[in-house]
Amino acid sequence: MKNITIIGIGLIGSSIARDIREKNNDVIINIVDNSNTVLEKSKKLNLGNNYFEEISTFIDKTEIIFICTPISAYRSLFEKLNKFKLSNETIITDVGSCKTEVIKNAQNILTKNIKFVPAHPIAGTEQSGPESGFKGLFNNKWLIITPCKNSDDKSVKIISNLWKSFGCKIQIMDMNDHDSIMAITSHIPHIIAYNIVGTASELEDNLKEEVIKYSASGFRDFTRIASSDPTMWRDIILSNKEPILKMLEKFEKDLNGLKNAIVNDDKEKLFNIFDKTRDIRKRIVEEGQDVKEPNFGRKNQ
Ligand code: NAP
């Protein structure tokens, strides 16, 4: 790998740049971002070799193009990329948090000979921008690849190996499974956090002050999640509408069950619900300590 391009140099894009630089000092890193301020910050942080506000002919020489922007920018990026003479060896890949919408757009827009490997690192923070990224963000984290018609085996292998070099564990998964799993493990927790913090912010002023003053870990954790970038999360939620709405329906049903148990002083039901959920926590902690790979029913690479 001699020449790579990162489009969108925020938290994720800049962490990729840092990991690549750490592994290979000779690789040329082209950085594209529509914000001049962000490009200036990236220069100061020495994240790349060349900086551009727009894709131009330099892209013809690049071997791997990482799309690391919010998902709403993808369509126009695919359209632009389609117009350049990308080499047969060039691979476009991404890091977007939903996959079916991304793949639908890629397959509708990109010509058949363009290689695209859809990917999603299960790593991140609530921060944004190039100053928030760091070396090692992806170490020991999952990278999910959801191959599509534009992904051949060789390209999938190249992208897998690159992420492995950042310390990732690789999982190949069907795009629909990916989006359903992310709906419950990531997207709905964010919706709940935005909602609960939103409710608190609408309390009468005096009550709101007390909420902030006495915030214990439960509410504090929600405020951390609810401080995530609004553009990015708006895009994620709208790009994964169907699985999210399906899971929200189930969530509402379960919440009503909980509400009825409270109304009816149903001690046994409340205890059983709270007891069952402790088991999930135990398994998640065990999974974290023991780096055994979960099997989502797909082969690992
Ligand atoms: P970020 O820190 O906000 O960075 C995104 C960057 O892309 C910003 O500098 C933004 O500039 C730029 N951008 C927007 N539209 C562009 C365009 N058309 N051309 C070039 N640059 C453009 O976001 P992030 O947290 O790195 O997230 C990026 C992607 O990673 C998202 O698709 C997200 O789903 C995925 N992801 C995020 C996380 C996470 O925890 N954050 C985890 C896994 C995957 P402006 O700010 O000026 O618009």
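A few comments on the model shown:
- Relative contact order, percent, the range 1-93 [alpha-carbon distance under 8 Å, six or more residues apart]: 34 percent
- Within a Gaussian network of the chain (alpha carbon springs, distance under 10 Å), most fluctuating of 37, 146, 125: 37
- Distances between placed amide hydrogens fall under 5 Å for residue 92 paired with 65, 115, 116, 117, all partners being 5 or more residues away or on another chain.
- ³J(HN,Hα), Karplus 6.51/-1.76/1.60, whole Hz, each residue of the range 56-63, x for Gly, Pro: 9, 5, 4, 5, 4, 9, 7, 9
- GNM top mover of 143, 203, 39 - the chain, alpha-carbon springs below 10 Å: 203
- Accessible solvent surface per residue of the range 136-271, calculated while the other protein chains remain in place, 1.4 angstrom probe, Å²: 61 Å²
- When both bridge partners sit in the range 3-173, DSSP labels roughly 10% of those beta bridges antiparallel.
- Taking max minus min of the alpha-carbon positions on each principal axis, the chain gives extents of 68, 45, 36 Å, largest first.
- For residue 213, a cut-off of 18 angstrom between C-alpha atoms picks up these aspartates and glutamates, skipping any fewer than 8 places away in its own chain: 202, 204, 205, 221.
- Annotation: lysines with alpha-carbon distance below 21 angstrom to residue 99 (same-chain offsets under eight excluded): 80, 112, 115, 141, 149, 154, 157, 164, 169, 241, 246, 299.
- Rg [Å, one decimal], Dmax [Å, integer] - the range 3-173, C-alpha atoms: 14.5, 39
- Kirkwood estimate for the range 180-239, i.e. one over the average of 1/r between Cα atoms, Å: 12.4 Å
- The chain: most fluctuating residue of 48, 288, 124 per GNM, C-alpha cutoff 10 Å: 288
- Heavy-atom accessible surface of the chain: percent carbon and sulfur, 1.4 Å: 52 percent
- Value of relative contact order over the chain, rounded to a whole percent, pairs C-alpha under 8 Å and six or more apart: 16 percent
- Pairwise alpha-carbon distances in the range 135-202 exceed 18 Å for 55% of all pairs.
- Using θ = phi - 60° in the Karplus curve 6.51 cos²θ - 1.76 cosθ + 1.60, the 3J(HN,Hα) couplings for the range 152-164 round to 8, 4, 5, 5, 4, 5, 4, 5, 4, 5, 5, 5, 4 Hz; x is entered for Gly and Pro.
- Taken one residue at a time, the phi angles of the range 270-281 give Karplus couplings (6.51, -1.76, 1.60, θ = phi - 60°) of 4, 4, 4, 5, 5, 6, 4, 6, 4, 5, 4, 4 Hz. Gly and Pro are set to x.
- Relative intensity, log₁₀ I(q)/I(0), of the range 10-68 from a Debye sum that treats every alpha carbon as a point, q = 0.16, 0.27 Å⁻¹: -0.46, -1.37
- q = 0.11, 0.12, 0.15, 0.21 Å⁻¹: log10 I(q)/I(0) that the Debye formula gives for the range 178-287, counting C-alpha atoms only: -0.47, -0.57, -0.89, -1.31
- Each Cα pair under 8 Å and six or more residues apart adds its sequence gap; the mean of these over the residue count of the range 112-204 is a relative contact order of 28 percent.
The values are calculated or read from the model by the stated rules, or taken from the named source; none is laboratory data. Keep in mind it's a predicted model, so treat the numbers as computed, not measured. Ligands, DNA and RNA are stripped out before the accessible areas are found, and what is left, the full protein with its side chains, is counted by its heavy atoms. Shrake-Rupley method; radii C 1.70, N 1.55, O 1.52, S 1.80 Å.
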